[in-house]
Every structure is written in C-alpha cells, then in structure tokens.
1. From the helices alone, meaning DSSP H stretches of at least four residues, give me the mean residue ellipticity at 222 nm for chain B, per-run term -39500 (n - 2.57), in deg cm²/dmol to the nearest 500.
2. Determine which chain A residue has its Cβ at minimum distance from the rotation axis mapping A onto B, giving the value in whole Å.
3. For chain B, what does the relative contact order come out to in percent, with C-alpha contacts under 8 Å and a separation of six or more?
4. Run through the DSSP bridge list for chain A and note the antiparallel percent, rounded to the nearest 5.
5. What accessible area, summed over both chains, is buried at the B-A interface (1.4 Å probe, Å², nearest 100)?
6. Once phi is turned into θ = phi - 60°, what whole-Hz ³J(HN,Hα) does the Karplus curve with 6.51, -1.76 and 1.60 give for every residue of the stretch B:446-451, x standing for Gly and Pro?
7. Which of the lysines could a cross-linker bridge to A:Lys171, judged by Cα under 24 Å and excluding same-chain residues fewer than eight apart?
8. Determine the share of the stretch A:492-623's accessible area contributed by carbon and sulfur atoms, expressed in whole percent, with a 1.4 angstrom probe.
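The values are calculated or read from the model by the stated rules, or taken from the named source; none is laboratory data. This one's a predicted model, so the numbers in the text were calculated from it and none came from an experiment. We place every Cβ from the backbone using ideal geometry, glycine too, and count neighbours over all the protein chains shown. Quick note on the areas: whole protein, heavy atoms, side chains included, nothing else; ligands and nucleic acids left out. Shrake-Rupley method; radii C 1.70, N 1.55, O 1.52, S 1.80 Å.
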Number of protein chains: 2
Amino acid sequence: MAMSSVNPDLVRERQKCSFDVQELVHFIDGGEEHTLERREVENLVLDIKELKDVVPEEFLSHKERYENSIRKACILYEFFRKYSETNNTLDAFSPTNKYRVQMGVFKDISPFMLHMGMFVPTIMNQSAPDQAAEWLPKALNLEIIGTYAQTELGHGTFLRGLETTATYDPKTEEFVLNSPTLTAYKWWPGGLAHTANHCIVVAQLYTNGKCYGVHPFFVQIRDSETHMPLTGVKVGEIGPKLGFNTANNGFLGFNNFRIPRMNMLMKNAQVLKDGTYVKAKSDKLTYGTMVFVRVLIVTDMAYELSRASTIAVRYAAVRHQSQPKPGEPEPAIIEYVTQQHKLFIAIATSHAYRVTGNWLWNTYSKVTSDMGKGNLDQLPELHALACCLKAVCSRDATLRIEECRLACGGHGYMASSGLPIIQNIAAATITYEGEYTVLMLQTARYLVKAWKQASVGKVMTPTVAYLVDFSKNSNHIWENTPEGIIRGFHAVGAGKTQAAFEAVQAHEKTGLDFEDAWNRASVQLVNASEAHCRAILCEMSWAEMQRLSQTLSPNLRKVVLELIEMYIVFWALEKRGELLMYTKIQKDDIAVLQKRYEELLAAVRPNAVGLVDAFDIRDEVKSHAQTFNTVRYLKLLKVIGINMITDPELHPGCFRRARVRAPDGGGAEESSQRGARQQILPPVPQTSDQS
Amino acid sequence: MAMSSVNPDLVRERQKCSFDVQELVHFIDGGEEHTLERREVENLVLDIKELKDVVPEEFLSHKERYENSIRKACILYEFFRKYSETNNTLDAFSPTNKYRVQMGVFKDISPFMLHMGMFVPTIMNQSAPDQAAEWLPKALNLEIIGTYAQTELGHGTFLRGLETTATYDPKTEEFVLNSPTLTAYKWWPGGLAHTANHCIVVAQLYTNGKCYGVHPFFVQIRDSETHMPLTGVKVGEIGPKLGFNTANNGFLGFNNFRIPRMNMLMKNAQVLKDGTYVKAKSDKLTYGTMVFVRVLIVTDMAYELSRASTIAVRYAAVRHQSQPKPGEPEPAIIEYVTQQHKLFIAIATSHAYRVTGNWLWNTYSKVTSDMGKGNLDQLPELHALACCLKAVCSRDATLRIEECRLACGGHGYMASSGLPIIQNIAAATITYEGEYTVLMLQTARYLVKAWKQASVGKVMTPTVAYLVDFSKNSNHIWENTPEGIIRGFHAVGAGKTQAAFEAVQAHEKTGLDFEDAWNRASVQLVNASEAHCRAILCEMSWAEMQRLSQTLSPNLRKVVLELIEMYIVFWALEKRGELLMYTKIQKDDIAVLQKRYEELLAAVRPNAVGLVDAFDIRDEVKSHAQTFNTVRYLKLLKVIGINMITDPELHPGCFRRARVRAPDGGGAEESSQRGARQQILPPVPQTSDQS
C-alpha cells in the first residue's frame, strides 16, 4: 500500500496554506456536526463492497450500464431506507452535501433520482391528506417506485400545450387517460423507461364535456408483481444521451387507460363524484413546487464546480510541463498565471453559488411558508429570482467546468479524469427544469414590469429596488471596490432593462403588437436579465459571505472574502464593455481592476490546494480514477491526495491484465504475451438477454 | 415510403429562399465538378450495405464499438484503395468535403485516421527518397497500418522534454529504443491501441554518447502475420474518452527494442554507419509538417459547424412551441429572435471559417513550396497565423456547436440528434495538435516581436502590418461598416498588444527576469493574440468573400456577403468593451450596430433553411437519426429533409421491437406484450471474446 503515501508536490502545497482546512470544511458543510454526519454517510456507503464497480461504466454497453446502475440503486436505497429508521433523511430536500456520496456510487445518475426528487415531493405538496396518507408511506418505504411525467414529445416549455387527456367518466367514477397523438407521448421522465411502476402524470382534465387545463394524476403503470406494463400503457426508453445515461429516461403513452377518480391529486382543485369541477383557491398554489428544483440547482452547481476544481487544481499542482528557463526543471503548471486564471475562478464561483444558493433556499422556505398562510405576495419576486439564477448559474458553471477540463489538457478528455461526466451532467441543467432562454425571458417580464413601476416611483420588492435609484439618478461616481462594482452592475442591470424596455416600445410604435415587439427585442431582454442576475449574484454572495464569515478565524475570513472579491472583479473585467456603457468607469479603472485581479490570483495561489482539500470530496465521489487501468499513471503523476484508494490489487477486475508495467516495476504481464485484440478491452460481463 | 415526402414546414421555408441553392452548393464545394465528385463518393460509400450500423454505436460496449469501427474501416479503406486506382485520392490532403462521408460511416472517428492523416504525410515529408520508395507504396496500399507516436504520458506541449530514447549501436548498426520511465510511455496516438502494426516514433537520438534531440523513426511494433506485439514492445489502450471512442488511442513503451539504422527518417538529419551525426540544413525544415494539421483544423471546424447548424436550423423550422398570442397556433421556434441569434451566427461562422481556412491553406502551400526552394522567410508568420487561427476557431466553433445543441432543447441532449458527438469531436480540437493557451502564447511572442519592430518603423509582414499604423496613429474615426469594424479590431489588436507588451516591461522593471515577467502578463498576452486573431478572421473572411463571390449571381452574392457582415457585426457587439477602450466608437454606434445585427438576422431568416440545404450534408453524414428507435418521432416532428432515409423497414435491426406505435398507426407491437426490461434495449451482438 505504498501508493497511499502523499505526493511530495501536494505535501509542499499543503504546507503553504494560510488557513485551517478543517475550519473551512465545517464552514462549507454548515457546521462541524454536518461534516460528521456527511462523513458518516460516506463511510457507510463506500464500505459497501457491492457498490464498487468492477468495470468502469464507460466500458459497458447501454444495457449493461442500466443493469449495473439499477443493481447499485437497489442496494443503496435499501441502505438509505434502513438508515432513515434511525435518522431523518428528509433533510435531503434542503441543500446539503450529506448525500452527494451517491455520485460516487453512480458516477452518472441514479435511475431512482426522480423518485425522491420529484415523485415524493409532488405527493407531499399536491395531494389531499388522505391521499398522502395512503401513498406517501409506500413511496418513502420504496414499496412503489415513481417518477414525474409532464414533458411530452412535442411539448416542453409550453405547459398549456400538453396533449395527454384525463377524461372523467361519472358512470364508473374513473378518469380515462389517452395520448391522442404521438406528440402527446410523455418523453424524458427519469426512471420511466424500465424502473418506475408508478408516476405522476400531468394531463388535460376533461369533465362534463369541458377542459379545465392541466392537473396531476397518480398513475400505476406496471404490474406490482410482474413489472409488466399494464394493458393500455405503452412505455419504453428514449435512448442514449450526452450524459444521464443511467437515468433511464423513458416515454409513455396511454390508450383508454382507466384510473379511479381519487387518483387525481386533490389538495387544490377537485373533481366530485358527479363530475363537478371544484377550482383551486389560487392557481398559483402549485407554483411553489415548480420553483423548488430550480432553487436547488444553484447549490448543485456549486458542488459540481467543487468536484471539477478539485481534480483540475490537484492535477495542476503535480503536472510539470515546459521549461521557460533553460536548465531549470519543468515547473508545475499551476505556476502559469494562465492556468491560475482558468482554475481559481472555479473555486471562487463554487463559494459564490453556495452562499447565494443557501440564501435563495431560505427565501424559498420563507415564501412557501407564507404561502401556506395564504400570503402569495412574494411569489412573483421569488419566481423571477429562481428563473434567472437557475439559468445563469447552470450555464456559467458548465463553462467553468469545461475550463477545468480543458486545463487538464488531453488528460481532461479522458473519462478516467472524471471531468467529462461532470461536464455532461452540468450541461443538462441548462435545459431541464426550464430552458435557459425561456427562464431569462420570464425574469425579463418581471424586470420590465418593475421598471415601469420604478419610473413612476412605486415601492419595489427588494431585489429590484435598485431600479428606482437608477431610474432617478445614474450618475454614481465609480469606485474600484466590491461595493463599487456591485453598484456598477446595478447600473448595468438598470441600463439594460431600460434599453430593452425602450426597444419594445420602439417596436410597438412601428405598429407591431406587444408580443411581436417583445420578440423583436428579446435578445436585449435576455441581456437585461443576465445583467440583473449578475448584480444579484455579486451583491448576495458578497453580503452573505460578509455575514457568514463573521464567526470565522481572521485568516480564513480573509481567504473566503478574497474569493468572493475575485468572483466580483472577474466579472467586472468580463463585462467591462457594459460597465463602460452604463457607468462612469474609466480605462484607468479597468487597469486597476486588472491589477487587483492579478493580486487576487497571487493571493489564492498558495492556498489553492488547501481550498480544494476543504471541499472534502473523497476520490470515489470525485472521479473514476480508482478503477482505471492507468492507476500507475496517476501514481506517477502524483495527482493523488491522502485519501485515495489506489492500490490496483483492490480492484481485481478486468484491468489486472491490462496494467501498464513500468520497466522498473514488477508484477504485470507484458503485452507481448497476449493477443493484441484481447489484451486491454474488458470482458463483457455475462448478462441475461432473454429476447 | 410515404415518409420520404417532404415536410410541409420545410417546403414553405424552401419557397421563401431568395437564391439558387445549387449555386451555393457548388460555391461551397469550390466548383460544380467538385460537387459531382463528392456526391459520387458519397453515393458509392453509402451504398455499401455492410457500412450501415444495425445497432447505433452509443448502445454498444467500448469493445464492441471498436470492433464495429475496425470492421467498417477495413471495408471503407478497401473501397478507397480500389477507388484510388482510377482516381487520385491524394487530393484528400487539401481542404475538401469530398471524403467527409467517412463521418457518416464512423459517426465518431476512424481507427485508421492517423494512418492517412499523419503516418503517410510524415513519411512523405521527412524520409529520404529511398526510404519513401520502400515505405510509401506499402502505406498507401494499406499493406502496413501506421500511426504517429510523439506525445508521452508526461510530455505533450514540451517536445524537448520527451523521454523515449533511440541510442545508436554502431556494432550492429541499429538503434535501441527504450522508455526509461513510465512518463516516457507514448500516450494518445490514434489507432495505436490495437490497430497499427507500424508507427513513427519521435525519440531522443543518442549517438557516440551524445544526445542530439528528438528525431522521427519508422518502427514496426506488431508481427505482420499474428498482429502480436513484438518482443520488447508494450502496447495497449488508454480507455474511454469524451469522444473519439473509436479512435483506438493507445500507449506504447519500449524495452531494448532494436531497429535498423535506416529506420531513422533521414531526409533532413542523418546518422552514418559509424554513428556520426549529420545535422539538417535547417532545424526549421520539419516545422512545416507541424503546421499542416493546424491549418486543416480551420476548415474542419467550418464543416462541423455546417453539420450542427443543419440539424439545429431544420429542427427550429419544424418544432412548434408556446403561444405568444392567445388563440393562435404555436409558432415554429425559428420565429423567435433569440433562436435566430443562436443559430444564424453558426451558419455565418461556417462560411467565414471556410474562406479563411482556404486562404490559410493557400498561404501554407506557398510557404512550404518556398521552403522547398530554401526560402524560410515567411515561416514565422505562417506559424503565428496557424497557431492563433487553430486555437480560436476550434474554441469558438465548439461554443457555437454547443449553442446549436442547446437550441434544440432536450432533444439536443439525445445522441439521436447527432449533436452530442459533433460537439465532443469539436471539443477535442481545442486540445490536440497544440493546446489553446500554448498556441495563443506562441502567437503572442510573434506579436510582441512585431510590436517592437513596428515601434521603430520597420517594414512588417502583411498580417501584422496594421501594428505600424496604430503605433503611429490610433486616432481613426469610427465607421459603422464592415471595413470600419475591421479597422476597429486592428486598433484593438494593436492596443492589446501594446498593453501586454508594456505589462511585460513593467514586470521586468520590478526586477523579474523576462520569462517570469512574461508569465505574469500572460493573461493579457493571450487576450492580445485573441484580438489579433479576430481581426484576421474578420479581415480575411471579408476580403476573401468579396473576391470569391464576384462570379456569383447578384442574389447569392448579397446573401454570402451578408453572412460575413453578420459575423463581423456579431463580434463587434460581443467585443464592444474592447472597441470602447481602443477606438472612437460611441454608445450610439453600438445601438446602430445592434440594429444592423437585427436587420441581418431578419435578412437571413427567410433563407435559413436554404442556407443549410446548401451545405448539402446527407442525413447519414449529419446524424444518427436514421437508425434511431424513435424514427417515428422524427417523422412527426418533421425534421426530415428531402433526402432522408426514414422508413423503419429499411432498418430491420433490433429496434423493430421497440418502435413507438402511434395510436393511429399500425404494425408495431405494444410494449405491454413484452417484458419491460427486455423490450427496448438492443441485444448485445455476438462478439468473440477469447480472453
């Protein structure tokens, strides 16, 4: 086990660190007790031998991948079921890293993800008490496996356009489900293809000959014993994708499929026995649930950034390349300022997203709690916030993760680096749960409305209050401080909102109706949302980090505040054009900011490895490397931290035959002793193909 | 075969087109005769039944994918061998779309790619006449299969750091090859893992006890009959990757492996029988070959952009979504200006890259021809050009392709859209054949040198001549025309070069030596290269399109010039901050450019489908869709152009069982009639696993 010794480059890096790494670990987890809980779960899960892959997933066929992931999901969820008997696992719904260890088990995505992520929450939030009493225990106990079937082949963004029908038949007191066209087929739900036996189906409700719009229904689709689709149900898989290949995304169609009346989720709207439709008190009551996943994506992206930056920063610390000075040894690539520029912003962004995401979660919790008391006032603001934050954070995080991947050169292109799957999982978030542009235009509607109110001096909700200020006075002096930049971003947000608003008006004056004018101005409207969102991200991450870091030791407080400052200055430089247009910033100020940015890179440099160590991500969760056939390569490149399992004997699978043998090393066979075609590729595991 | 009828949305779009699509097809191909040749090759190749996949590659295991691709590669290259008996296939080395049909055969990458792409060219360019006479016919005739082994596990960018040694033994007149450490293992060569039996090995040459630096050697690594690695050779595969999963990338190590003296490629340097080293006339003579692949990447990216935009534009023309106006039908998403903003720039960029890439190829041809005559004067400029153009085009194209993918929503995430593999193949080009940042800093060295010369009024090489102008006078008035913007980009290039140069000097003044000062300023130096490269791209694409379009009909000429104008205006808006800093552009000018950009979007709008039709990419080359199990989905979404093979009966493979059956359609089985687990996933084809 000599390989568990720590790489000397990393030892040196760790000695440079100016703060207590464990203090930052606890800060990121939200307290020492949360760190201990998380580590307990990680230890328990990663000790389960059956969850370790013998062959890395990328070598398997699509079918084998699914079979392997469903096998692991069964073991893992059984563990969680038992674990929940003594622990409350429902805290999984709030942002936490406690259960991220699942990423180490699945590498890609759990085929049960939508069961806990959307099926259970929908039952909790939208069913009547007696319905929840019947369904929830079964769902939490995994007696039934569910998913959430809303999107159709032809309908994603436009919810009202869904075609699946649920027609009430008062004679039998049943709903009859139908997919009248092929575009009406449900398309995408995770776990639907071969895993789920139940789902929430969102369908157009017809009763007494009238359509009342889309409503959710609880539908059993497969036989509990045989797992065969029930008669009238057509279900299957939609095929391989960029990522999410173990998510088991499926399609679903209905042909006169009947369900009892009480399978309509009746917390809000209801259909009585005789078919009478009873309206919900507010059509916004289901709105909160929609926002839920978007809110969580912000902290999810913080975590994916921490995974990617951990890999890329450690690689940069141990990879040596080029010889800028003749005769001197090749420096570690982390010494190159261009490399620091690529990587440190990923660390800073992770922290900015985590504190902003937690603030958004608290806002969400407060608003939904108020909604429970009948107060819906803050919902539009929350909606506008969640839309743009989900959109911008998913997109920027994906770009930052790709930058980390590219910063590892060719090695970042290899699946064994762990980076390709992180990038592909992050990329999906740009599209799912509200497509980027669609969400940005939702926020733009709120901004334009707010701008109109601001221009007549109305009192504004907090996150757009700055519009009032800038509708009156856009003549702020420029200051090269985080606060000054935030004010500058407010000016940009206000200026771009005004410009987009005026563009809409100008198009209207040419005779276009409002929606056509809106479309013509939509590129500018998206830009306004983006500017607004960047102002929010800078403002809230700075305010929250100031607040949260008050209890930290001075050394650490300095470090985390510098990270947020780096995030703010980075974006000031990226958006210098907008600042030049909408603020009093001068060319000389930009030079000052450039200099400050370079100072911050230099300040982060000695702490870089300590900062990614503080993300405290075990190698099993971070990458595939421990089961990769070039484990000796990793040993040699010394990418490996203190807690990586790297002894090849621990991974006795198919790669033993394939290991590279160092000329000075022992044990592995020479390639020349085997047939060339058979020597490296793993054997295909035995699978039963009964077709 | 009703499915081959044309989708009504596309018919309508095609009726709007203002130009003759066939004329543009010929223009893109470089003349009607080239179009005919390309189509002949496409027809011949796509008629070979054995090249059609029964199961799409994404469903296969890593091992099965390789086996399938090598099977197809053998058939395809045998076809090309026969085809070359009556046709000259060596024109494949210049930029042409004639052989792109291979992308339709492999979807991913041919395991023989490096044979024709680097093994053969290296023999042609670097071996002595008698060596070429021996090796070249065998290589061209595919009697031997080769690859190019340069990069090592620990050494990519830094060529001088390669560790593999070739030590001359005058007693036996042989070179002895060794991999002294694990980092010395060759790493990455395509086809090396299980395919190639020969390769060019780049190694440190030792003779008479002295090291003479890296030289190329012709090395047989596998037995011609058994295909077993020869004794002393260790060879295998490096594992799955983001893309290039059929490229069969491998590793290679040597243990006292002997090759004859005459296996050193001796066109330039030589080793005599007694071990005497004879220097090459110039150490730059191998330089031209390095530039070769970088030059081709620019036109490669033009082609990948044409593939991606064809898919995304047709999708946008037939996908209907949302209802901006109550009561009206859902518009095709191409009507949304935000969608036009995402897609049309991809079309424009493809044209800009094609004409710039062809210009670069002509420059390359001229410079290498001059080199043959002993004139190396233009080599540094060509090198600086190829570096930044390769870097910027690969990166921007990847971003544009991802934008196309995202513009298709969830469907763009599915492998069946064809977009994920295009994106992943494009992403690799950012790293291979010279990593992005490394190349940008190469160009920066040339720029800084040029800036110093310009500041003392020296005559400059053409592509940096603008520096003289701006070193004297940066006070040009601003004009909102393509020429005015190009002048503006020259000002930005000059301004950023100056700023970076001064930053280096300022760091030097603090006592840093030049290389440390260079490193501290490197982010600014990369920015200077980028600005220079954008100026080149705008200038050359505008000049070349002006020149090339002179013989076109007026309607078409207008269209192609508007596309390049769109490319230029798009980048003026993207880089408005830099223009504000380095030119006399005003806020009002930016509003004028924004308006012009929107006018150009509106001008392209009616021609969008015609423009992608003119890329003339057969569906087999464009995407996987024709073998996808949701072929009926595509029918319904009507993404399908006039020449798509979409009848499911033509694809009688494993998906027959899995087809979605439309409620109103006939023939397919219901899912409920089969076991849920077995119904969709394809059977694993029988493969022989003899291990």
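1. Theoretical 222 nm ellipticity from helices: -16500 deg cm²/dmol.
2. Residue with the nearest Cβ, plus whole-Å distance, for chain A: A:Gly577, 1.
3. Dividing the mean separation by the residue count of chain B yields 16 percent.
4. If I count the DSSP bridges inside chain A, around 80 percent turn out antiparallel.
5. Using a 1.4 Å probe, the pair buries roughly 11100 Å².
6. Values per residue, Gly and Pro as x: 5, 5, 5, 4, 5, 4 Hz.
7. The reachable lysines, counting only those whose Cα sits under 24 Å from A:Lys171, are A:Lys210, A:Lys267, A:Lys273, A:Lys279.
8. 49 percent
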